[in-house]
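Notes for the one structure printed next.
The values are calculated or read from the model by the stated rules, or taken from the named source; none is laboratory data. Predicted, not measured: the structure shown is a model, and the values here were computed from it. Reconstructed Cβ throughout: ideal geometry from the backbone, glycine too, with neighbour counts over all protein chains shown.
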Amino acid sequence: MDKKLKTPHIGIDIETLSLRPTACITAISAKTFFFDGTTDDEHSFDCCVDATSCAMYGLTIEQKTVNWWASQSEEAKRYFLDNEALKLKDALEKLAQLYHEVQEDYGCQRILVWVQGSDYDIAVLRNAFRQVFDDDERSIPWPHDCVRDARTYILSNLNFLNLRGFFRGFDPSYNPERPYDILPKRPGWVKHQAGSDVDQMVWNIKCVTDFMLEAFSPAFAAQQ
């Protein structure tokens with residue numbers, strides 16, 4: 001299929017050594033995806049980031065976050081041992097290059113960037129770009145109004161579906177206090193491994209989109 005007939009999105013996840021917006025980045029993963037759940041692995045990017053290079057730009061390392069990492073799974077920690085780390089500047093340049101390549105190859109200037117939560121990953125990346133590239137906002141490849149929060153998309157639509165009565169027929173045990181439990185589990189998810197977390201986010205977006213399409217289908221309407 002001609003790429004210019006599809007609408008691409010980019011999912012991003014990072015790992016860090018602080019909870020502050022000034023956090024030191026240790027991993028960046030970005031994947032081009034579509035709302036049908038498919039991905040374009042040729043337009044994807046995944047790397048470890050050298051913490052020392054982050055510190056040279058004044059990015060933050062907090063001991064409590066370092067301690068937290070020590071308690072995470074061996075599989076999540078092994079990623080950092082098995083992959084060579086890029087300097088922060090090189091990693092950010094590759095991320096920007098990916099965004100621009102997707103723009104060019106898909107003929108689409110406004111590529112939406114999806115993250116899990118509106119107040120962290122993008123804030124950390126924005127600070128890193130500004131620190132590395134002399135406080136130049138133009139170094140950030142995506143427009144500020146092209147950022148989307150996957151958590152808001154997922155939770156708001158699940159809430160809508162619950163109010164519409166969708167889950168009565170799909171899963172009567174749906175619990176609004178634990179909305180993510182309704183989503184089918186993706187095999188092989190490694191929590192706090194950036195690439196795996198991006199795959200999980202794309203999976204969740206697809207599941208909720210499928211629910212919405214079914215909820216508005218003639219077959220569901222006939223059951224009401």
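Listed here are the helices (runs of 4 or more DSSP H) enclosed by region 1-119 that have at least 3 residues being in contact with a strand residue (DSSP E or B) (Cβ under 6 Å, 6 or more places away or on another chain): 88-106. For region 3-41, a residue qualifies if it is over 17 Å from the mean Cα position of the chain (by Cα), under 22 Å from VAL202 (Cα atoms) and without any contact (Cβ under 8 Å) to a residue 40 or more places away in the chain, and exactly one does: LEU5. Comparison of THR60, THR52 shows that the only residue that is over 18 Å from the mean Cα position of the chain (by Cα), surrounded by 15 or more Cβ atoms within 10 Å (Cβ to Cβ), at pLDDT 95 or above and among the polar types (S, T, N, Q) is THR60. Among the residues of region 85-93, is any more than 21 Å from HIS43 (Cβ to Cβ), touching a helix residue (DSSP H, G or I) at 6+ places or on another chain (Cβ under 7 Å) and free of Cβ contacts under 8 Å to residues at least 40 places away in the same chain? Yes, because at least one residue in region 85-93 is more than 21 Å from HIS43 (Cβ to Cβ), touching a helix residue (DSSP H, G or I) at 6+ places or on another chain (Cβ under 7 Å) and free of Cβ contacts under 8 Å to residues at least 40 places away in the same chain. Against the test of being under 15 Å from the mean Cα position of the chain (by Cα) and either among the aliphatic types (A, V, I, L, M) or part of a helix (DSSP H, G or I) (or both), the options LEU213, LEU125, LEU163, LEU158 yield a single qualifying residue, LEU125.
A search for C-beta distances below 6 Å between a residue of region 140-169 that is in contact (Cβ under 8 Å) with a residue 12 or more places away in the chain and any residue that is among the basic types (Lys, Arg) and part of a loop (DSSP other than H, G, I, E, B), counting only pairs 6+ apart in sequence or on different chains, returns CYS146/ARG110. Give LEU98, LEU81 a once-over and let me know the one that is at pLDDT below 95 and not acidic (Asp, Glu). The conditions single out LEU81. Do we find that PHE33 is in contact with a Gly (Cβ under 7 Å, 6 or more places away or on another chain) and not small (Gly, Ala, Ser) in this structure? It is true that PHE33 is in contact with a Gly (Cβ under 7 Å, 6 or more places away or on another chain) and not small (Gly, Ala, Ser). Of the residues in region 166-174, none is out of contact with any Gly (no Cβ under 6 Å at 6 or more places or on another chain), of a type in the set (S, T, N, Q) and either surrounded by 11 or more Cβ atoms within 10 Å (Cβ to Cβ) or part of a helix (DSSP H, G or I) (or both).
Take the residues in region 115-165 that are surrounded by 14 or more Cβ atoms within 10 Å (Cβ to Cβ) and among the acidic types (Asp, Glu); name whichever of them is nearest to CYS54 (Cα to Cα). This residue is ASP121. Take the conditions (1) within 17 Å of LEU95 (Cβ to Cβ); (2) of a type outside the set (Phe, Trp, Tyr); (3) more than 21 Å from the chain's Cα centre (by Cα); MET201 misses just one of them, which is (3).
Can you go through SER139, SER196 and tell me which one is more than 17 Å from the chain's Cα centre (by Cα) and hydroxyl-bearing (Ser, Thr, Tyr)? Steps first, please.
Working: SER196 fails: more than 17 Å from the chain's Cα centre (by Cα).
One residue alone meets the criteria, SER139.
The set of residues from region 126-157 being more than 24 Å from THR7 (Cα to Cα) and aliphatic (A, V, I, L, M) comprises ALA128, VAL132.
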